1. Kindly list, by first and then second residue, each pair from a residue in segment B:174-188 that is without any contact (Cβ under 8 Å) to a residue 24 or more places away in the chain to a residue that is of a type in the set (Gly, Ala, Ser), limited to pairs with Cβ atoms under 6 Å and residues at least 6 apart or on different chains.
2. How do the helices (runs of 4 or more DSSP H) wholly within segment B:1-57 filter down when requiring 3 or more residues that are facing chain A (nearest Cβ under 9 Å) and under 24 Å from B:ARG75 (Cβ atoms): which remain?
3. Looking at (1) surrounded by fewer than 15 Cβ atoms within 10 Å (Cβ to Cβ); (2) assigned to a helix (DSSP H, G or I), which one does B:SER69 not meet, given that it meets all the others?
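Where a number appears in this text, it was derived from the coordinates with a stated rule and is not lab data. Note that the structure is predicted; figures quoted are calculated from it, not measured. Don't worry about glycine lacking a Cβ; one is built from the backbone with ideal geometry, like all the others, and counts go over all protein chains shown.
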2 protein chains.
Amino acid sequence: MDSAEFLDLLGNANRRRILRLLSQRPCYVTEISEYLGVSPKAVIDHLRKLEDAGLVESRTDDRRRKYFSISRHVRLEVTVSPYEFGTKSAYPASSGLDITSCRQVSIELDINEDLDAEPRDDRTGEDRTDGDGPDAGAENSEAVAALADRLNDFESLERELSLAQRWAQGRITALREALAERIDHGDPRLVSAVLVAVADGTSQVEAISRETEVPPRVVEDVLEDLAAAGIVEREGRDWSLVL
Amino acid sequence: MDSAEFLDLLGNANRRRILRLLSQRPCYVTEISEYLGVSPKAVIDHLRKLEDAGLVESRTDDRRRKYFSISRHVRLEVTVSPYEFGTKSAYPASSGLDITSCRQVSIELDINEDLDAEPRDDRTGEDRTDGDGPDAGAENSEAVAALADRLNDFESLERELSLAQRWAQGRITALREALAERIDHGDPRLVSAVLVAVADGTSQVEAISRETEVPPRVVEDVLEDLAAAGIVEREGRDWSLVL
């Protein structure tokens, strides 16, 4: 699902209320209709849109009633600033992602622990298939407490990551402003975009053009100006910052 | 601006296109109207909504033409999962935020460096007010290259934080599913919410009720059931996990 489709769906207050309700429990149309004070016909219409986007799914229970639930985990980020309007939607990263490969962010949780939290007490291992013994009950209690504790850790982590991201974006805006102020000629936004691409290690005109969506001819002009000012330099076809 | 207001504004494709355009450069109504192929009247209407929300501002230039630009930095995060529908909108964290106070996330940038990047070469310090000398030009070039480099670092950081957040949210969903599967009686979502509050150190019924928005009477029943199963325990009025 792309961000535009997601934003179109979320732009309606009743659809947001339906999603909030379904995230608490799966519901039938009549329940949603009563809870929201909206006609069943309108609810069906909203549900169809959410279903078409793959955000909601329906099942039929043994009394042949159709109930709806949220089928997907999706995340959307929107940033609006004087220098940026960015929307990004994504599914959660696979749990196999090696988060330790991040170069600048490190996370202080014991992330390699088995999160599915089968109890680690090997003494009870042989009883595991026997779900009725007294040990199975104790084992389950232990696992529930451990999962709740773990879930709380991840929720704290999520709050910190969100805070860190807002902090980083505040710095990005401040840096963009500072950079724009120091660029004397040409369009500061255009020049900044080219410069940041070069700083990112993109060295050749064609690649910079693709990354910045600026025509190669214009990229070349900007680079020549920047070279004249002693900000970038060229070696063969490769451009880099003078640092 | 609350998330609902933000989502209502972003739910319209033309308003999104206006924001994207204004993030590239400030514009007049006629420019926006031509670029979007939308009547000036409709553009004015969208701009008024964006202005009322404080997202866009206008200035009048010396030829008395009114031009519009984005006035604020705002960030929105939306999470949809079978267990959660969360929207969060926020201004960027203040640059004075001490990011090192985060317990679980650490960032490997030299965050204390002065980001406003006045060149650090003290030899040229006395020339600084003389903006026309050759040193001033060299100094400026150095600052521009340093700022571009720094901006690129922060943009990479932002991408990693976004990835880390998606990873954390994937783990949260998996943990919620694992927890729901192991809860034998009562509503798994309700029981999970109470458990996570207890895991977070919220120990008394009233406080758990406020945090989970579940009536105190119900919280008490859930806690008694969990105590009977050996998952939580009480000491006086304080509940905690049995770990």
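1. Note: pairs meeting the criteria are B:LEU179/B:SER192; B:ARG182/A:ALA143; B:PRO188/B:ALA180.
2. Working: elements: B:3-10, B:13-24, B:29-36, B:40-52.
Passing ranges, in order: B:3-10, B:13-24.
3. (2)
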